[in-house]
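Asker: Right, I'll just put the structure down here and ask away after.
A short reminder: the numbers here are calculations on the coordinates, not readings from a lab. None of the values given here were measured: they were computed from a predicted structure. We place every Cβ from the backbone using ideal geometry, glycine too, and count neighbours over all the protein chains shown.
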Amino acid sequence: MTSLLLQVENLTIGFPRAEPVRNLSFEVRAGETLAIVGESGSGKSLTALALMQLLPRAAAVISGRIIFDDRDLLGLDAREMRHLRGRDIAMIFQEPMTSLNPVMSIGRQIGEVLKAHEKLSGRAARERAIELLKLVRIPAAEKRVDDYPHQLSGGMRQRVMIAMAVACRPKLLIADEPTTALDVTIQAQVLDLLDTLRRELQMAVVLITHDLGVVAQWADRVVVMYAGRKVEQALPGELFNDPLHPYTRGLLSASPRLKHDFHYLEGPLTEISGSIVSAAGEVGCPFRPRCCQARASCGHQVPPLIAQTPDRLVACPFTSSLKAVPDAAHLSL
């Protein structure tokens, strides 16, 4: 079995009056892509910031452990974390235009990473920056290295962010909605590039997204989050063919799906009524107010995760699809 690179154990993140992430656990294996999906407000991006130790000042990790490469990140001081961040763990943020410095050329910004972690000189860092721009398929890299962010398209800026993230060949790359605001064609190019780099650099990827089409094509395993909790975990084929949690079913029902002949399935999309619950004052199952299968007992306690296999978990005791654990020979996709 592939070795574990990252283990998140019972992670709880709190603000003064709320806990937007509660008792979250998942793991990432070396070289795999783990997708974390859910609506806005489900705690996906906050979890990513916790992994990088970049939480906003008002937030803090209340409990849990984050074990990366046999080191507990929560036990590291600021200097140790700075040494690790950008070298062994890197992150691509949602909006490159607000993540890139508008008054610095992209070559200098990539060079800063290389100077900090690889101790390269200015000239060597510039040459390496050009190599990285070529790696992420930016044409005329020798000229583009002196461009400023506003001179690049959204897709090109995202490629620059990827170049910065992979500059030191990290073991783990966190991609937080890496295709936000990009058109469909550019989205596919960026995701294909990320997957190619994952294989070439042998790094693991945590892909945070709300796009189930992205999950279907690029993920090795999927974690579904709702209101700061993990409600389902599965292999992509299991998730799409036999979703167990009512929330997962709702997400799939609200998403267009293609048939084998690349035509969309007929019929209206079904929305999930209501909106995501507040992280404060939670009693019982957090999805209960929006669930068409809710029962009186759902208001008594938060349902625990039920395991069918190590990669097949669901936090709902009433799902009609729960069945006996199948024979291991039939679990492969």
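Asker: I want to verify a result. In a Gaussian network model of the chain, Cα cutoff 10 Å, which of these has the top mean-square fluctuation: LEU132, LEU239, LEU305?
Answerer: Evaluated over the chain, the most mobile residue of the options is LEU305.
Asker: Further question: So how far, in whole Å, is the C-alpha centre of region 142-203 from the one of region 219-238?
Answerer: 24
Asker: Amide H to amide H, which residues 5 or more places from SER63 or on other chains are under 5 Å from it, using H placed in the peptide plane?
Answerer: THR12
Asker: About the Cα centre, and with charges only on the beta carbon of Lys, Arg (+1) and Asp, Glu (-1), how big is the dipole of the chain? Nearest 20 debye, please.
Answerer: 640
Asker: For LYS230, give me every one of the aspartates and glutamates with a C-alpha distance below 16 angstrom, ignoring sequence neighbours fewer than eight places off in its own chain.
Answerer: Here the aspartates and glutamates satisfying the reach criterion relative to LYS230 are GLU9, GLU19, GLU27, GLU39, GLU282, ASP311.
Asker: Using θ = phi - 60° and the Karplus curve 6.51 cos²θ - 1.76 cosθ + 1.60, what whole-Hz ³J(HN,Hα) does each residue of region 76-89 get, with Gly and Pro shown as x?
Answerer: Couplings: 8, 7, 4, 5, 5, 5, 4, 5, 7, 5, x, 9, 9, 10 Hz.
Asker: Angle between the Cα long axis of helix 184-201 and the longest principal axis of the chain, 0 to 90 degrees, nearest 10?
Answerer: 80
Asker: Let me ask something additional. Given an 8 Å cut-off on Cα distances and at least 6 residues of separation, report the relative contact order of region 1-140 as a percent.
Answerer: Result for region 1-140 is 20 percent.
Asker: Nearest 5 is fine: what % of DSSP beta bridges in the chain come out antiparallel, could you say?
Answerer: 60
Asker: Cut-off 19 Å, label point 7 angstrom out along Cα-to-Cβ of HIS150: give me the residues of region 98-113 whose amide nitrogen falls inside.
Answerer: Hits in region 98-113 for HIS150 at 19 Å: 98-109.
Asker: With the contact rule set at Cα under 8 Å and sequence spacing of 6 or more, what percent relative contact order holds for region 98-247?
Answerer: Reported as a whole number, the value is 17 percent.
Asker: Now, a different point. Note the listed values [x] 66, 51, 40; [y] 61, 47, 39; [z] 52, 52, 40, then indicate which one is Cα extents along the principal axes in Å calculated from this particular structure.
Answerer: Computing Cα extents along the principal axes in Å and matching it to [x] 66, 51, 40; [y] 61, 47, 39; [z] 52, 52, 40 gives [x].
Asker: Oh, and also: Spelling out what I want: for every residue of region 240-251, take phi, set θ = phi - 60°, compute 6.51 cos²θ - 1.76 cosθ + 1.60 (Karplus), and round to whole Hz; glycine and proline get x.
Answerer: 7, 8, 8, x, 9, 7, x, 5, 4, 4, x, 4
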